[in-house]
Amino acid sequence: QEELVESGGGVVQPGGSLRLSCAASGRTFSSYAVGWFRQVPDKEREFVAAISWSGGRTYYADSVKGRFTISRDNDKNTVYLQMNSLNPEDTAVYCCAAKPFDYSGSYTTYNYWGQGTQVTVSS
């Protein structure tokens, strides 16, 4: 059983940066792939980025490629999402999720979810 807790959200101006963290409490987190997803009201949950259990492979949505970087520190049971060059279209609740085996861009394949952290990009 994994419990995931996100942090690091907030309000930032366009062009700014934020780093989100996803901390896990379970002992098997290092064996799970992790994804970040975001959601705004009345829209489907959107894939943002994912990382393999080892951190050796990453996968990004086209909309964030080159601006966001996903990484992990298995010693700290934490996955990070560094977000640069933020724009208002990035405003959403960001959630992390974990799944066994390989990563995926489909939110339906993830077993464990955090509660989310709000990111607002506004001038």
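Structure values in brief
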| read-out | value |
| --- | --- |
| Residue in segment 73-81 that is open to solvent by less than 30 Å² (accessible area, probe 1.4 Å), β-branched (Val, Ile, Thr) and over 21 Å from ALA23 (Cα atoms) present | no |
| Those residues of segment 27-42 which are in contact with a strand residue (DSSP E or B) (Cβ under 8 Å, 6 or more places away or on another chain) and small (Gly, Ala, Ser), in sequence order | SER31, ALA33, GLY35 |
| Test for LYS65: is it open to solvent by 40 Å² or more (accessible area, probe 1.4 Å), over 28 Å from GLN1 (Cα atoms) and assigned to a loop (DSSP other than H, G, I, E, B) | yes |
| Where CYS22 falls short, out of the listed (1) crowded, with 18+ Cβ neighbours inside 10 Å; (2) modelled with pLDDT under 95; (3) not aromatic (Phe, Trp, Tyr) | (2) |
| Residues located in segment 1-19, provided they are surrounded by fewer than 18 Cβ atoms within 10 Å (Cβ to Cβ), among the charged types (D, E, K, R) and either over 19 Å from ALA33 (Cα atoms) or modelled with pLDDT of 95 or more (or both) | ARG19 |
| Leading residue by the ranking (farthest from GLY114 (Cα to Cα)) among those in segment 12-31 that are within 17 Å of the chain's Cα centre (by Cα) and of a type in the set (A, V, I, L, M) | LEU18 |
| Failed condition for GLY105, given (1) closer than 16 Å to ARG19 by Cα; (2) under 12 Å from the mean Cα position of the chain (by Cα); (3) surrounded by fewer than 17 Cβ atoms within 10 Å (Cβ to Cβ) | (1) |
| Filter pass, TYR94 being of a type in the set (Phe, Trp, Tyr), more than 10 Å from VAL34 (Cα to Cα) and open to solvent by less than 30 Å² (accessible area, probe 1.4 Å) | yes |
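For (1) among the basic types (Lys, Arg); (2) assigned to a loop (DSSP other than H, G, I, E, B); (3) touching an Asp or Glu at 6+ places or on another chain (Cβ under 9 Å), each residue gets a yes or a no:
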residue: VAL11; (1), (2), (3): no, no, no
residue: LEU20; (1), (2), (3): no, no, yes
residue: PHE37; (1), (2), (3): no, no, yes
residue: ASP42; (1), (2), (3): no, yes, no
residue: THR69; (1), (2), (3): no, no, no
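The values are calculated or read from the model by the stated rules, or taken from the named source; none is laboratory data. Here the structure is a predicted model, which means the values were calculated and not measured. For neighbour counting, all protein chains shown are included, and Cβ atoms are generated from backbone atoms with ideal geometry for every residue, glycine included. Ligands, DNA and RNA are stripped out before the accessible areas are found, and what is left, the full protein with its side chains, is counted by its heavy atoms. Shrake-Rupley method; radii C 1.70, N 1.55, O 1.52, S 1.80 Å.
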